[in-house]
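The values are calculated or read from the model by the stated rules, or taken from the named source; none is laboratory data. Worth saying up front: this structure is predicted, and the values here are computed from it rather than measured. Note that each Cβ is placed from the backbone with ideal geometry, even for glycine, and that neighbours are counted across all protein chains shown.
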Amino acid sequence: MTSNALKKLIALLMACAVPLASYAANTPCSGKKGGVSHCSAGKFICKDGSTSASKKVCN
């Protein structure tokens with residue numbers, strides 16, 4: 001693979017990765033909390049048992 005083609009491939013991969021990272025950062029109970037387990041009184045309860053700090057309200 002030529003150097004120019006490799007640079008284009010890297011740029012394409014980086015452009016695709018940025019939106020995915022921002023989406024994950026805005027999800028309640030993301031990361032080590034394991035995702036959303038259920039809803040209680042409009043708050044997200046994470047799979048690790050903690051309450052999410054998200055300002056979003058769940059039904």
For Ser22, are the conditions met, namely being loosely packed, with under 10 Cβ neighbours inside 10 Å and at pLDDT below 90? yes
Return the total of residues in region 39-59 being more than 15 Å from Asn26 (Cβ to Cβ) and of a type in the set (D, E, K, R). 3
Hey, can you tell me all the residues within region 29-49 that are in contact with a strand residue (DSSP E or B) (Cβ under 7 Å, 6 or more places away or on another chain) and among the aliphatic types (A, V, I, L, M)? Val36, Ile45
